[in-house]
1. If I ask for residues that are more than 10 Å from chain A (Cβ to nearest Cβ) and either without any contact (Cβ under 8 Å) to a residue 40 or more places away in the chain or under 28 Å from A:Ala270 (Cα atoms) (or both), which ones from the range B:97-133 would you list?
2. Here is a list of conditions, (1) touching a Ser or Thr at 6+ places or on another chain (Cβ under 8 Å); (2) facing another protein chain (nearest Cβ under 7 Å), and B:Leu146 meets all of them except one; can you say which number that is?
3. Under 16 Å from A:Asn77 (Cβ atoms) and within 10 Å of chain B (Cβ to nearest Cβ): does that describe A:Asn215?
4. Being touching a Pro at 6+ places or on another chain (Cβ under 9 Å), in a helix (DSSP H, G or I) and not assigned by TED's automatic domain parsing to the domain that holds B:Ser245 narrows it down to one of B:Ile77, B:Ile52, so name that one.
5. Within the range A:104-119, can you find the residues that are over 14 Å from B:Tyr31 (Cα atoms), more than 7 Å from chain B (Cβ to nearest Cβ) and over 26 Å from the mean Cα position of the chain (by Cα)?
6. Helices (runs of 4 or more DSSP H) wholly in the range A:131-208 with at least 3 residues that are over 24 Å from the mean Cα position of the chain (by Cα), at pLDDT below 85 and surrounded by fewer than 20 Cβ atoms within 10 Å (Cβ to Cβ) - which ones?
7. Go over the candidates B:Pro133, B:Pro206, B:Pro151, B:Pro105 one by one and state the one that is at pLDDT 95 or above and either in the same structural domain as B:Pro233 (by TED's automatic domain parsing) or aromatic (Phe, Trp, Tyr) (or both).
8. Considering only helices (runs of 4 or more DSSP H) fully contained in the range B:119-209, which possess at least 3 residues that are farther than 24 Å from A:Leu230 by Cα?
Amino acid sequence: MIARKSKDDRIFDSVNIILLVLILIIVLYPLYFIIIASFSDPLEVLAGKVFLLPKKINVEAYKMVFRDESIVTGYRNTILYTILGTAINIVMTILAAYPLSRKDFVGRGFFTLMMAITMFFSGGLIPTYLLISNTLHMQDTIWAMVLPGAVSVWNTVIMRTYFQTSIPEGLHEAAVVDGCSSTKLLLKIVLPLSKPVIAVLVLFYGVGHWNSFFNALIYLSDKDKYPLQLILRSILIQNTMSEDMMTDVDSLANRKVLAETIKYALIVVASAPIIMIYPFLQKYFVKGVMVGAIKG
Amino acid sequence: MLKTAELRQQRTRNRHGNFAWHRISRNWELYLMILPVFLFFIVFHYVPMYGIQIAFKNFSGVLGIWGSPWAGVEHFIRFFNGTYFKEIVWNTISISVYSLLVGFPVPIILALMLNEVRNKHFKKLVQTVTYAPYFISVVVMAGMILLFLAPETGVFNQMRKFFGAESINFMYEGRYFKTIYVLSGVWQSAGWGSIIYLSALAGIDPELHEAAVIDGASRLRRIWHINLPGILPTICIMLIMNCGSLMNVGFEKVFLLMNDLNRSHAEVISTYVYKVGLINREYSFSTAVGLFNSVINFIMLLTVNTITKKLNQSSLF
């Protein structure tokens, strides 16, 4: 069918595009402002002279951010928690999703129910806290960061659905007839065919670890183990500035001015890794949400 | 003769009984695979559920969960009669209803608008940009809010001054808290929320539109009569899920944006549970508050599910 554009159609299209451009600006401007403010002279930012372009471009704020011991340590800790946590997540999710995707797995219903119940009922904050800190003694250990959320039921559903829909049933039968074991089948056939869904879940879990701060807040008291998000909280929200940053800034007024603009640079430094890789992986994210939506 | 029949019957029964066992033993590796997952759920999900009983006890660390003396519903009564009960329940409900009213329709409208865009590159651009804020951490989000709304120096107040208005200290005036919370939430998650509706829109039969065009239906009419009904089941399911967590205002953003001056407008159940539980160490009382919250949530989920089931055929379970 050839689409004929009537006058009404053209008006509709123009209004639609204008509104979307407006939405685009509303979403983009705050992000853009953070970036230009981080490269501008602090005084210009505070005076409200930075609007569309950075003024008196410099990278002082970034230098100060990287001079701070706690930020560097926090960054390192976050990378460590993200890598270890995501690795555990992926292995556990595969171990949960693969058996559940097999129709000949006796007990499938039981295990599915057991996992689904936890989506609606939970012990709540205090019982979980008592378990992890008093019973398991995980306080101030990396395990408190990576174990409590080791399997997400939602992500398991996404992976199981992928296994069921993308890997032909006949493949299992053929493999069983050939005397291929389940482990071998998983490692040699299923996983190599499942790279897209694994990529999606690496990203979902990875972003979760990178951004998480609640578990660190309640289970960590040792400052050397703090992840980046807790350091960010103390600087962005609680306005604490470490001495490391301010060694060669003399007057109190100067310090206050710098303290404000360091925040912009810090936001950029903390969010850059995710915001930068995200557009390249966008198609995977979207696919992940949709696979989950079909079944969920 | 009878004996052979019996024997044969027994043999088939055996074979039958062995069938399930055979499937289990043949797939022993699958059980080995799921074992760590099973243990994980027992330890990190079901053991805390067992711990809920301390809501009805006076928990003492020395006596443990099992050994602590029973207290009945004392903690619940104390919570209901407490000074903060009305305030935090009101804050929790009003923040989430406000979020739902403003935040729920936006992704739907955005998806309907995006669906009408014919230029693929422009569509992709809008999608990429609007999804991006979803990946910003709550801490950074709260930090951005504080920076933008800072008195005198923040961008927002700069703009107000530019138009000749007074600078406002938004974070110190409680009445702005809920709006700040809700609008920043829309900014952050509306794009991401539209994905699910876009995928539902992609599933609508193009023939419906072709037929409507022949009948002379305008774009708006087609959106109203074809696209919107087409994604209604998805909308219902999302609505049920949202209502199920209506009493579940997320801890993190409130916690980060709250200060002593806006506390009375900001404190919600989850931050209160954190405060009395982990700061004041009133474990039993705090667990009781948390349990009250989850029970209300579950009742809401069931109610909304039943209502939508009656209204149309889509429901969660």
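The values are calculated or read from the model by the stated rules, or taken from the named source; none is laboratory data. Note that the structure is predicted; figures quoted are calculated from it, not measured. We place every Cβ from the backbone using ideal geometry, glycine too, and count neighbours over all the protein chains shown.
1. Result: B:Ser99, B:Leu101, B:Gly103, B:Pro105, B:Pro107, B:Lys120, B:His121.
2. Condition (1) is where B:Leu146 drops out.
3. Considered against the rule, which asks whether it is under 16 Å from A:Asn77 (Cβ atoms) and within 10 Å of chain B (Cβ to nearest Cβ), A:Asn215 comes out as no.
4. Result: B:Ile52 is the single residue among B:Ile77, B:Ile52 that is touching a Pro at 6+ places or on another chain (Cβ under 9 Å), in a helix (DSSP H, G or I) and not assigned by TED's automatic domain parsing to the domain that holds B:Ser245.
5. Correct list: A:Leu113 only.
6. In the range A:131-208, the matching helices (runs of 4 or more DSSP H) lie at A:169-177.
7. Result of the check over B:Pro133, B:Pro206, B:Pro151, B:Pro105: B:Pro105.
8. Result: B:120-131, B:155-162, B:177-202.
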